[in-house]
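Here's the structure we're looking at; comments come further down.
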């Protein structure tokens, strides 16, 4: 059983929950102007785990036939037979129920927004079938992370620093566009849509860079909206450095270091911005 759970967690890249989780924490900490109450914090964690697990599991299910045909993804759990559809669907349903239970445990507005947030993340998995803007749709889905954290604490949308969610949108769209370059040729042959398969990898990289510049501007303005002090802007400088490094080590002609760019740097960015937010709030009180 434990081996099967480990396979399921690897299938959905559970460790990459670190991408979105810190942004949910940012929303919650900004709403509380500090550390939220322990139970609220716990429910935010469970809601994020449930939502991402449900969405990633669904993604693996609906993309199983494409993953099997793609040499890069043919060894994933479902195509390889390590996980069957019944097991995958069971995980998706349990994770979805966990998400809704956590939302219900928080407050009425969180529960009202829950179907839209989860529905959008599930819908994203189908978008490569008909639009090249699937990367932006994923960005919109993950932009619910800080919004959800804020609503979990405040129970309202009043004074939410919208620039934070907008920054997440373009940050995600940028790195997902770069990552999609790995499958540009396969997507084109399979009739799937992505910016790299439509524009070519070189133009997709340029667009991803523009998305990241916009994300940087929006993250900076989010600090102004939230009234954060100089400590937050140290995190902004670190974010700028990480974004620049991402585009230095990967280019359309050499995708060999894309794992470092995608996994390490993006995890660093989300953690750096959360840490900078938390420290800014701490020094504000001090």
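At-a-glance table
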quantity: Evaluation of residue 199 against (1) over 21 Å from residue 136 (Cα atoms); (2) modelled with pLDDT of 95 or more (one fails), failing number; calculated: (1)
quantity: Verdict on residue 174 being within 18 Å of the chain's Cα centre (by Cα), part of a helix (DSSP H, G or I), in contact (Cβ under 8 Å) with a residue 40 or more places away in the chain and more than 24 Å from residue 259 (Cβ to Cβ); calculated: no
quantity: Matching residues in the range 141-157 - criterion: being crowded, with 21+ Cβ neighbours inside 10 Å and assigned to a helix (DSSP H, G or I); calculated: 141, 142, 144, 145, 146, 147, 148, 149, 150, 151, 152, 153
quantity: Residue satisfying all of: in the range 1-49; modelled with pLDDT under 75 and not in a helix (DSSP H, G or I); nearest to residue 273 (Cα to Cα) among these; calculated: 13
quantity: Filter result (surrounded by 15 or more Cβ atoms within 10 Å (Cβ to Cβ) and either assigned to a helix (DSSP H, G or I) or touching a strand residue (DSSP E or B) at 6+ places or on another chain (Cβ under 8 Å) (or both)) within the range 69-96; calculated: 77, 78, 79, 87, 88, 91, 92, 95, 96
quantity: Among the candidates 282, 228, residue that is closer than 19 Å to residue 31 by Cβ and either free of Cβ contacts under 8 Å to residues at least 12 places away in the same chain or surrounded by fewer than 15 Cβ atoms within 10 Å (Cβ to Cβ) (or both); calculated: 282
quantity: The listed residue being over 13 Å from residue 51 (Cα atoms), in a helix (DSSP H, G or I) and in contact (Cβ under 8 Å) with a residue 40 or more places away in the chain, out of 130, 99, 66, 160; calculated: 66
quantity: Residue match in the range 234-251 (condition: over 27 Å from residue 277 (Cα atoms) and without any contact (Cβ under 8 Å) to a residue 40 or more places away in the chain); calculated: yes
quantity: Among (1) assigned to a helix (DSSP H, G or I); (2) in contact with a helix residue (DSSP H, G or I) (Cβ under 8 Å, 6 or more places away or on another chain); (3) surrounded by fewer than 23 Cβ atoms within 10 Å (Cβ to Cβ), the one test that residue 54 misses; calculated: (3)
quantity: The range 264-286 - residue that is outside any loop (DSSP other than H, G, I, E, B) and out of contact with any helix residue (DSSP H, G or I) (no Cβ under 7 Å at 6 or more places or on another chain) and, of those, modelled with the lowest pLDDT; calculated: 285
quantity: Criterion violated by residue 19 - all others in (1) surrounded by 17 or more Cβ atoms within 10 Å (Cβ to Cβ); (2) free of Cβ contacts under 8 Å to residues at least 40 places away in the same chain; (3) touching a helix residue (DSSP H, G or I) at 6+ places or on another chain (Cβ under 6 Å) satisfied; calculated: (2)
quantity: Residue match in the range 193-202 (condition: crowded, with 20+ Cβ neighbours inside 10 Å, under 30 Å from residue 161 (Cβ atoms) and touching a residue at least 40 places away in the same chain (Cβ under 8 Å)); calculated: yes
quantity: Selection within the range 181-228 - outside any helix (DSSP H, G or I) and within 19 Å of the chain's Cα centre (by Cα); calculated: 194
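The values are calculated or read from the model by the stated rules, or taken from the named source; none is laboratory data. Note that this is a predicted model, so its numbers are computed, not measured. Cβ coordinates were reconstructed from backbone atoms using ideal geometry, including for glycine residues, and neighbour counts include every protein chain displayed.
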